[in-house]
1. Mind scanning LYS227/LYS316; LYS277/LYS346; LYS346/LYS392; LYS277/LYS392 and naming the pairs with a C-alpha gap bigger than 23 Å?
2. Give me TYR81, TYR371 sorted ascending by neighbouring Cβ count inside 10 Å, so fewest comes first.
3. What list of ³J(HN,Hα) couplings, whole Hz, do you get for the stretch 114-123 from phi and the Karplus terms 6.51, -1.76, 1.60, once you set θ to phi - 60° and write x for glycine and proline?
4. Once amide H atoms are built 1.01 Å from N in the peptide plane, which residues 5 or more positions from VAL336, or in another chain, come under 5 Å H to H?
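Values quoted throughout were computed directly from the atomic coordinates according to the rules given, and no laboratory measurement underlies them. Only a predicted model underlies this, so the values are computations on that prediction, with no experimental measurement involved. Every residue, glycine among them, receives a Cβ derived from its backbone with ideal geometry; neighbour counts consider all protein chains shown.
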Amino acid sequence: MAWWQVVLIVIVVLSALAVTAAAAYTLGRQAGETRVNDILRDKTRQSLFGRNVPVRESERALIEVMPEAMIACGPGGRIRYVSPLAATLGLIDHGNLSSDEIGDILALVVADGNAREREVRIPIDRAQALQASGEPTGRGVKPGQDVPSDTRYLRVRIGHVTDDLYAIFLSDVSEQRRFEAMRRDFVTNVSHELKTPAGAISLLAETIGDASDDPDAVRYFAGRVAKESNRLTELVHRLIDLQKAQSMEGVMDMHPVSVMGVVRGAIGENQVQADAKHIDIRFTLGGEPQPLDAADEPVGSTAPDEIVMGDAESLKTAVKNLVENAIHYSPEHTVVAVGVGEKDGKVTIRVVDQGIGIPAESLGRVFERFYRVDPARSRETGGSGLGLAITKHCVQECGGTISVWSREGEGSTFTIELPAATEDDLRDAGTAE
């Protein structure tokens, strides 16, 4: 056989093998795709979590990392499963749903099989809420911190899963509703606060014009115009201070600040108001009484001090506002105590009064702009509703925190906590200078 015949046979055989291999690959791929499609169509033959994955463990882990709480139950509300988050909502009683509203939604879903979504209000036992939060009534509430209320708002979605099993998904939207109320209150309050003095000035000016031939009336109404004008000016200044405090956050130059000097300066700016109401301001350092004026220190004595890093004017504004509020909301012939202390690297400034106190439901909102517990009383004392908002920002600028303890009729305690300056801080500040 000639060599070219051998080559031809080899080429034919290789071609046949190539065609056979291509056909086998195509048939195998088509068979694989058909099998995958069959599996996808038949959901009973697959696991959502993939091969070799324990389904029960994966189901529980998936539910626990979901942002919504979940309850699995039967058509009558008998509980089959409760996620850890759902267990904290207090909707289960002896293995059954305890909420009639959610039960009514479940009944509608059972009746026609259609999933439903609603928002419901769930009443809460206030004492249980306080106990669950671990906070005694009215203690240590910081700006923005939730205070347990007597109502919880839940977004509820209920759907049929399989056979007699139903899933209830729960989202707590109480915080969203609280912020919506804050926003509405802020718009209402700022509009009212600006409109009231402006309207009064316009009306008084018209009255002065009508009484131009009566000098006594003109003097009286001119005084009223001046009072309303001062009120409007004070409000604008407070708004500017608040904006300034907010815009300085995170960009302020930190310098060593004498806490004793700050507190004495803040007390000095409120001394006239305190004397007018016969209120005694007492100042202590580490529990030891201190003179209100540094000039009254005994000759030759070296008074102790606490040093923090921050801005002296911002801190003085914060303490001044707290002392001012304490005087405004305290009866005559009472005491306002201002105490400075240091523990575990933290310097605290406490302002304690014997005033009217703050209702528990208002504790979480007193640091909001324009929020006032008693608007009528605030207007009598010249309050703008911005002092505590400014104080909060001033303290935060210096890396500190502020909290409030209060009960109605027992007075209030506002506590500023700041990191004490370290030797490295003082050395760096000296080098920068």
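1. LYS227/LYS316; LYS277/LYS346; LYS277/LYS392
2. With the fewest neighbours first, TYR81, TYR371 line up as TYR81, TYR371.
3. Result, ordered by residue: 8, 5, 9, 10, 9, 10, 10, 9, 10, x Hz.
4. Residues meeting the amide H criterion: ASP280, ILE281, ARG282.
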